[in-house]
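Undergrad: Attaching a single structure in structure tokens format; questions to follow.
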Amino acid sequence: MLYSSAQDWRDAPNKRVLFFGMSGLGKTYVSNILRGAGRWFHYSIDYRIGTRYMGEYIADNAKAEAMKVPFLRDLLLTDSIYIGSNITFENLTPVASYLGKPGDTAKGGLPIEEYKHRQEQFRVAEIRALLDTEYFEGRAQQLYGYPNFICDTGGSICEWVDANDPEDHILTELSKHTLMVWIKGSEDHTAELVRRFDRAPKPMSYQPEFLDRVWQEYLKENHIAEGEVDPDAFIRWTYAQALAHRQPRYQAMADNWGVTVTADQISAVKDEAGFEDLIASALETRG
């Protein structure tokens, strides 16, 4: 790992970390605390995906919807209006809206093949954004003068890596430049994430093999055709399975490539010093 011991971490003039884990457990919370301290550059993978790698897809999709409205169509064709997405660190809705949900188009769903196509676009975009970490780490220090660096990843990072392969390309690159930190939730956290998702289901990205399996299972269990699937019902049904599918993958990433902290420990962090103490403790625990 980048830091061999707690003392190595404390003594490092340039601290570099990468957070991974399920969305909603504190990655962005602690990233914002560190960024606010003034010495940490915050690199958001989801923001990079939405602005650099999927920006045109998102804008073109919005334009395609606008072209269905005669008034807006005329304005677009005469370059009288501009359509773009307003993505921020706190507002990644344009990315999620583009990914969409599979199922009945009358209920806002996408045909499954189009949904899979967008999932593949996201997979490629996320891998590229992850591999941009080294570039942004150098940029943060050389261009902006930040001594420390945070990479804030999306929940789906575990879908594109094999943590048990010591030569995995993505993990090898990331571990060269950052200390990988898993923010692990408890069973209570998982239950709360499921409740939160049930209240407001959001699009997600899935490993293709996992998506194929749960999609076929859902059709079979409910005795329905692809075009009859309620999009929200499907992703609600899938969410808890996705959490269970990802948990051992995160565990392997932490065991083989990084350290583990709990969501409760992260929520207790109030400042930069508290965070540095937490990471030192995690390194000591790992031994």
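The values are calculated or read from the model by the stated rules, or taken from the named source; none is laboratory data. All values derive from a computational prediction rather than experimental measurement. FYI the Cβ positions are ideal-geometry reconstructions off the backbone, even for glycines, and counts take in every protein chain you see. Protein only, heavy atoms only, side chains kept; ligands, DNA and RNA dropped before computing areas. Shrake-Rupley method; radii C 1.70, N 1.55, O 1.52, S 1.80 Å.
Undergrad: Sticking to Cα atoms, compute the Rg of the chain to one decimal and its Dmax as the biggest Cα-Cα distance, whole number, in Å.
TA: Here Rg and the maximum Cα pair distance are 20.3, 65 Å.
Undergrad: Moving on to the next point. I'd like the carbon and sulfur percentage of the solvent accessible area for the chain, probe radius 1.4 Å, heavy atoms only, ligands and nucleic acids excluded.
TA: C and S atoms contribute 49 percent here.
Undergrad: Next up: Give the peptides 129-136, 174-181 in descending order of average Cβ contacts within 10 Å, highest first.
TA: Ranking the peptides 129-136, 174-181 by packing returns 174-181, 129-136.
Undergrad: Another question about this same structure. Treating cross-link reach as a plain straight distance, find the lysines whose alpha-carbon is under 26 Å from the alpha-carbon of Lys176, omitting any fewer than eight places away in the same chain.
TA: Lys15, Lys27, Lys184
Undergrad: Related question: Cβ neighbours within 10 Å, averaged per peptide: list 153-159, 100-106 in order, most packed at the top.
TA: 153-159, 100-106
Undergrad: While we're looking at this one, here's another question. Given labels modelled 7 Å from the Cα in the Cβ direction, how far is it in nm from Thr78 to Asp264?
TA: The modelled label-to-label distance comes out at 6.4 nm.
Undergrad: Could I ask something else about it? Under the 0.36 nm per residue contour assumption, what length would be gained going from the current alpha-carbon distance of Trp160 and Glu134 to full extension?
TA: Value of the extension gain: 7.5 nm.
Undergrad: What distance in nm separates the two pseudo spin-label positions at Arg39 and Glu226, each 7 Å out from Cα along the beta-carbon direction?
TA: 5.4
Undergrad: In sequence order, what are the phi-derived ³J(HN,Hα) couplings for segment 77-84 according to the Karplus relation 6.51 cos²θ - 1.76 cosθ + 1.60 with θ = phi - 60°, rounded to whole Hz, with x for glycine and proline?
TA: Those phi angles translate into 5, 9, 6, 8, 9, 10, 10, x Hz.
Undergrad: On to the next question. Mind checking the full-extension length gain between Glu173 and Phe210? Use 0.36 nm per residue of separation minus the Cα-Cα distance, one decimal, nm.
TA: Once the chain is fully extended between Glu173 and Phe210, it gains 10.8 nm.
Undergrad: Which whole-number value in Å² is the accessible area per residue of the chain, probe 1.4 Å?
TA: For the chain, the solvent-accessible area averages 49 Å² per residue.
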